[in-house]
1. Can you find, within region 267-291, the residue that is surrounded by the fewest Cβ atoms within 10 Å (Cβ to Cβ) among those that are more than 13 Å from the chain's Cα centre (by Cα) and closer than 16 Å to Gln77 by Cα?
2. Suppose we filter Gly414, Gly391 for residues that are small (Gly, Ala, Ser), under 27 Å from Ser316 (Cβ atoms), in contact with a Ser or Thr (Cβ under 8 Å, 6 or more places away or on another chain) and surrounded by 20 or more Cβ atoms within 10 Å (Cβ to Cβ); which single one remains?
3. Suppose we filter Ser231, Ser183, Ser135, Ser153 for residues that are touching an Asp or Glu at 6+ places or on another chain (Cβ under 9 Å) and either buried (at least 17 other Cβ atoms within 10 Å of the Cβ) or at pLDDT 95 or above (or both); which single one remains?
4. Looking at Asp436, Asp359, Asp407, which is the one that is out of contact with any strand residue (DSSP E or B) (no Cβ under 6 Å at 6 or more places or on another chain) and under 27 Å from His504 (Cβ atoms)?
5. Do we have Tyr588 as farther than 21 Å from Lys548 by Cβ and either part of a loop (DSSP other than H, G, I, E, B) or in contact (Cβ under 8 Å) with a residue 24 or more places away in the chain (or both) here?
6. Residues that are surrounded by 15 or more Cβ atoms within 10 Å (Cβ to Cβ), charged (D, E, K, R) and modelled with pLDDT of 95 or more: does region 580-599 have at least one?
7. If you scan region 325-368, which residues turn out to be farther than 19 Å from Cys408 by Cα, buried (at least 20 other Cβ atoms within 10 Å of the Cβ) and of a type in the set (Gly, Ala, Ser)?
8. Does Asn164 count as surrounded by fewer than 18 Cβ atoms within 10 Å (Cβ to Cβ), in contact (Cβ under 8 Å) with a residue 40 or more places away in the chain, over 19 Å from Ala107 (Cα atoms) and more than 29 Å from the chain's Cα centre (by Cα)?
Amino acid sequence: MNIFFILFIVVASLCCNYSLCKQDFAYGNFYYVDSNKGDDGNIGDLSAPWRTIKNSVSGLQPGDTLYLRGGTYYESQIKISNQGTKSKKIIIKNYPDESPIIDGGYAEFRIVPNSDWEIHDAKKNIYRSVKTYSSADYVYGYFGPDNNCRLISYESYHDLSAENEDYTAVGDVYLGPGIFWNSSNEKIYIRLKPSKQQMAMGHTTPSNNDPRLTKMFIFSHHEIIILSKKSSYIDIEGVNLRYQNNAFEFKSGSNNILIKNSNVLGGRTHIYVNDNAHDLVFDGVKIEDSVPPWIAWTDVKRGKKPAHRFQGTAISIEGSAHDIEIKNCIFENTWDGINATSSAFDLHIHDNVFKGTRDDVVQLGSGCSDVEINHNKMILVSKGISRHGSGSSPKPGTKYIHHNIIDCSKPMLGGRRDPNNLLLEKYQKYHGPNDDGMVWARPFGSHRSGGYGGGDPWKIYHNTIIFGKELNDRGAGHEYVLESFYPGYPQEVYNNIIIQTMDHWLARDCRVADGSQICDGNIYYRSVAGPKNYFFRSWAERLGGSSKDFKSLSAFKSSPLFDVSRKYYAPGWEKNGTEANPQLDKDYYPAPDGPAATGAIPLPSSWPGQDGKKYRGALPPKNLNIK
């Protein structure tokens with residue numbers, strides 16, 4: 001036999017054995033679940049699948065894959081405690097080309113007509129459930145043929161049944177279609193009458209006030225999937241979750257978990273990450289809430305707070321959770337987008353789309369560190385990225401906010417009808433400039449005026465920022481207004497496009513010579529014709545110093561304040577800044593021959609996300625062809 005042929009056989013055999021060993025090391029068993037045809041008594045293979053997810057996950061071992069066949073799984077409080085390894089992850093995913101849905105809601109209310117409701121108060125069209133629902137805690141819900149409108153989760157039956165529909169700080173108020181769970185008799189109460197505020201804004205849903213004739217998607221205050229403190233190295237892909245307060249809850253200690261390509265719909269907080277959960281990735285998750293446009297900010301946060309349960313967030317990151325990446329996700333019509341209001345670290349939020357956020361797209365605690373928020377599109381949102389006082393950061397100056405589009409140009413309902421003028425004087429601003437309750441907020445907000453420890457400096461660069469007449473009479477919010485700051489760690493604001501769409505100032509209360517902040521290379525533009533208000537308002541040398549107003553950027557540059565700004569920034573504040581129309585198209589791209597195409601100042605090489613180009617704002621002119 002030819003020696004070369006023998007050698008070929010030996011080498012091929014060795015390679016084959018190595019390949020099989022490697023495959024055994026990387027992969028375990030494949031199991032299947034089918035809500036329609038399965039049985040938990042089966043062996044779990046493709047021809048004899050299990051029926052429930054709760055039963056199926058308990059036995060998964062490192063390297064195993066659990067395929068969920070298409071269909072609806074009416075389950076909740078699925079606890080996952082499994083532990084994979086770095087090389088043998090446990091995978092739970094959709095069967096190819098199929099879409100499994102885990103549904104934690106009460107299915108009976110979705111069939112119309114139904115007999116699951118009974119009249120409770122005929123005069124007010126209030127119904128209650130025939131059945132009792134023990135341990136619901138609270139109830140949430142959506143209504144409509146496409147579950148596209150959120151029910152108000154009332155905390156009090158007195159509000160649900162109230163005659164009054166106008167603002168009150170102490171009395172009862174009906175806000176619109178909603179539900180209430182009575183802990184005494186464990187029944188659900190519902191009223192679907194459109195409110196006056198709702199109808200004044202052109203919304204008349206639902207068309208039928210009888211819940212027996214209108215689809216209702218109602219659920220309780222619990223979880224669908226709970227990742228326990230022991231869970232690790234688990235990938236969950238292509239699985240859709242809906243109808244519990246938390247679609248996912250990550251317990252403290254859960255780690256190395258991927259959630260990918262999932263549609264999520266919860267209650268007050270769709271995804272809840274507890275303190276010290278870590279190494280989590282959310283990739284391609286879609287959270288589409290439906291906070292009603294007729295719910296005012298004051299309904300949620302002022303006075304009696306009758307709609308307080310709307311004050312939640314799509315993703316809540318608690319305590320010192322860390323090493324979390326949120327990317328390629330879509331957040332639509334949520335109250336808040338992402339909250340990390342304590343001391344999270346190693347947090348990366350990028351390439352996401354936020355639409356119609358009613359309050360803050362991101363709330364970021366001053367105690368957080370090593371945070372990068374970049375290349376996100378925040379479209380027609382109330383506020384963009386907001387500070388939250390949570391003490392001193394262990395690593396000041398490590399919050400990088402760059403290449404984001406932050407469009408706050410659309411007004412939202414700040415205060416509901418208030419014909420008796422009951423809003424406290426300091427909240428009169430929520431009536432709005434046109435006295436219709438519609439208000440504009442600022443792209444960079446702040447919460448808890450105290451509690452910032454030694455300070456909270458951000459690096460804000462290459463963003464495109466658009467806003468209207470900010471209700472607190474501030475500017476865009478990029479100004480550093482905190483009293484405390486870290487010497488040597490100023491807030492730095494460079495190469496942004498900042499557009500004011502109304503007769504209002506672009507920046508207020510900047511301190512130019514105390515070392516707290518630096519601004520340069522920014523483009524400022526006020527698009528309204530014939531403005532009467534100042535361009536910059538109340539700029540000063542330092543805190544407590546006399547302030548000056550300026551009608552233009554050039555007026556500031558020719559003032560003594562510009563000269564003293566060189567004390568901490570040698571070129572002088574906005575030496576390379578300009579006041580000009582950046583000529584954005586409908587997709588926020590600047591004109592290739594406009595002022596935003598060039599003029600960016602160089603930034604430290606250690607700052608993330610730089611591409612070496614000279615454009616200003618979040619996006620390059622299209623002809624730059626940046627990859």
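1. So the residue we want is Gly267.
2. Going through Gly414, Gly391 in turn, the sole match is Gly414.
3. Ser183
4. Asp436
5. It is true that Tyr588 is farther than 21 Å from Lys548 by Cβ and either part of a loop (DSSP other than H, G, I, E, B) or in contact (Cβ under 8 Å) with a residue 24 or more places away in the chain (or both).
6. Within region 580-599, none of the residues are surrounded by 15 or more Cβ atoms within 10 Å (Cβ to Cβ), charged (D, E, K, R) and modelled with pLDDT of 95 or more.
7. Result: Ala340, Ser343, Ala344, Gly365, Ser366, Gly367.
8. Judged against the criteria, Asn164 is not a match.
The values are calculated or read from the model by the stated rules, or taken from the named source; none is laboratory data. These figures come from a predicted structure and were not determined experimentally. Heads up, the Cβs are rebuilt from the backbone with ideal geometry, glycines too, and the neighbour counts pull from every protein chain shown.
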